[in-house]
1. Could you tell me which of ALA20, GLN57, GLY43 has its Cα farthest along the dipole of the stretch 1-59 towards the positive end, charges placed at Cβ (Lys, Arg +1; Asp, Glu -1), taken about the Cα centre?
2. May I ask you to give the solvent-accessible area per residue for the stretch 3-69, in square angstrom, as obtained with a 1.4 angstrom probe?
3. Pick from VAL208, VAL288, VAL236: which residue has the top mean-square fluctuation in a GNM of the chain where Cα pairs under 10 Å get a spring?
4. Which percent of the accessible area of the chain is formed by carbon and sulfur heavy atoms (probe 1.4 angstrom)?
5. Given the Cα atoms of the chain, and with Rh set as the inverse mean 1/r over their pairs in the Kirkwood sense, what is Rg to Rh to two decimals?
6. Between the DSSP loop rule and a limit of at most 13 other Cβ atoms within 10 Å, which trypsin sites (Lys or Arg not before Pro) in the stretch 188-271 are left?
7. Would you look at the GNM of the chain, springs on alpha carbons closer than 10 Å, and say which of PRO256, PRO269, PRO235 moves the most?
8. For the stretch 201-317, what is the accessible area per residue in Å² when the probe is 1.4 Å?
Amino acid sequence: MLEVRGLTTQFATRRGTVHAVNGVSFDIGDGEITGIVGESGSGKSVTVRSVLGLVRQPGRVTGGSVRLAGRELIGLPAREMRRLRGAQMGFVGQSPFAALNPVFSIEEQFRNVIRAHRTSSRQDAAALAADKLSAVRMPGIQRVLKGYAHELSGGMAQRVVIALAMLLDPPLLLADEPTTALDVTVQRDILELLRELMLAGNRSMALVTHDLGVVAQYCHSVIVMYAGKVVERGPVATVFKRPAHPYTLALLDAVPRGDQPGKGLRGAPPNLVRYPAGCPYAQRCSRVMERCRTEAPVPTSITNTREVSCFAPCTTE
Ligand code: ADP
Ligand code: MG
């Protein structure tokens, strides 16, 4: 469904060039849910925005390839990307209230999205909107359609955003921390809903989260990002059972288990303006070797489904 190769995105700032995404490669298969994890600032959101063609000045995709069902997206005109967003790729972000327009009724927002892509009568648009709201198990659909975003709870507003993202049945959904801003009690409901929608339509999803428990429960594969690079990727079950990158291991050790508190991550990620020459994790790594400080490891296959960027991986199976 999605093939990302060598994706590179930078921001030209007064402080210098921010190397936000540095040669990121991954695939998302049909019907696959892929988790994207990594500390804050590791480039998860910029990666997602780059795939969607939503990077704005002073940012720019400076290299690499993004193929959606075989079609290259990098370099497509803005008009073409707008058409693909919605029809081929849906997006769900962190804050539903930022995504929804406060001055249009929910029904008008559905109509606007439909009409941006095709001609549709008022009645047909309303029927499609009701149908999609029912798919996200929205209670009181007619009342919601006539109402406004501010009348909804966070969880209900996010259901509307998901219904809007799924409106044109895109085969790929990109969800960037879709539950982080929501009440804990509704987070699982939203994740269950997303999984159900993906399963029902054999759709693919990239799910950005900082919760490894969510990845374990909802994702088939995982991409671990550090300083704008993919340091490890593979099937969730094996990556979490036998992490290959010392950073993946540190992330897993940071998760509290039962009454055991997590081991906090030491240190901080590197400055993305003065990007280090060697491995970006070298300064925090417990397994660091001389070579790591001067030479950057590249993604290397350890099995036919797993890759790691490390000269001394914790496992080679
Ligand atoms: P994550 O989502 O993993 O927390 P992001 O993808 O948002 O991280 O950010 C990656 C890096 O890109 C960060 O260092 C961030 O400061 C930088 N960045 C993101 N947006 C901009 C911008 N508009 N201008 C400058 N730097 C940016
Ligand atoms: Mg982010």
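1. Value: GLN57.
2. Values: 2810 Å² over 67 residues.
So the stretch 3-69 comes to 42 Å² accessible per residue, rounded to a whole number.
3. In the Gaussian network model the winner is VAL288.
4. Working: 7630 of 14890 Å².
The nonpolar share, carbon plus sulfur, comes to 51 percent.
5. Details: Rg = 20.4 Å, Rh = 20.6 Å.
Rg divided by Rh gives 0.99.
6. Working: sites: ARG188, ARG195, ARG203, LYS229, ARG233, LYS241, ARG257, LYS263, ARG266; in loops: ARG203, LYS263, ARG266.
Answer by residue number: LYS263, ARG266.
7. Residue with maximal mean-square fluctuation among PRO256, PRO269, PRO235: PRO256.
8. Values: 5720 Å² over 117 residues.
That works out to 49 Å² per residue.
The values are calculated or read from the model by the stated rules, or taken from the named source; none is laboratory data. As the structure is a computational prediction, the values presented were derived from the model and not from experiment. Cβ atoms come from the backbone with ideal geometry, glycine included; neighbour counts cover every protein chain shown. Just so you know, the surface numbers come from the protein's heavy atoms only, side chains and all, with ligands and any DNA or RNA stripped out. Shrake-Rupley method; radii C 1.70, N 1.55, O 1.52, S 1.80 Å.
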